[in-house]
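All remarks here apply to the structure that follows.
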Amino acid sequence: MNTPQYLRIPIDADQGFPQAIRIALGERIYVLSTYANVTDESLLLSAKPLELPKPGAFLAVEVAAEEPAGTRILFRRKIVPNLEYHAHELSLLFTELLVHPRNINGSGAFGSKLVGGVALRWAS
């Protein structure tokens, strides 16, 4: 089995969440969207970035492919670090999921960091 060559996803955590990035891989254009969901409101009082997932908070990713007939969603789910996900012809791997509460629906340099990669599993 071949290990995919991951390209770093150009997420700027200082821009806040939700966030969407358009990338071209193979012969397609994809839109990768991220959003943080916090159901435990006490976590929003944290002065430090939240290491996700944790009880009451998680990060979700959606991958959509732009097609002539419109956009088609390939993948949508909560993610955890260091687990490879497959979205049709793409592989995704996230290694750091730190989201400061002030970066949820807001921007600024508060120490949030989202590190992930994307790779083609086969030609699109």
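Points worth noting:
- Scaled to the globular estimate 2.2 N^0.38 Å, the Cα spread of the chain, given as radius of gyration, is 1.08.
- Charge sum, other residues only, whose C-beta stays under 15 Å from Glu89's C-beta, Lys/Arg counted +1 and Asp/Glu -1: -1
- Within the range 64-124, trypsin sites (Lys or Arg not before Pro) in DSSP loop having at most 11 other beta-carbon neighbours inside 10 Å: none
- Full-stretch length increase - Ala47, His86 - with 0.36 nm per residue and alpha-carbon distance subtracted: 10.7 nm
Values quoted throughout were computed directly from the atomic coordinates according to the rules given, and no laboratory measurement underlies them. Please read all numbers here as calculations on a predicted model, not as lab measurements. Methodologically, a virtual Cβ is constructed for each residue, glycine included, from the backbone with ideal geometry; neighbour enumeration extends over all protein chains shown.
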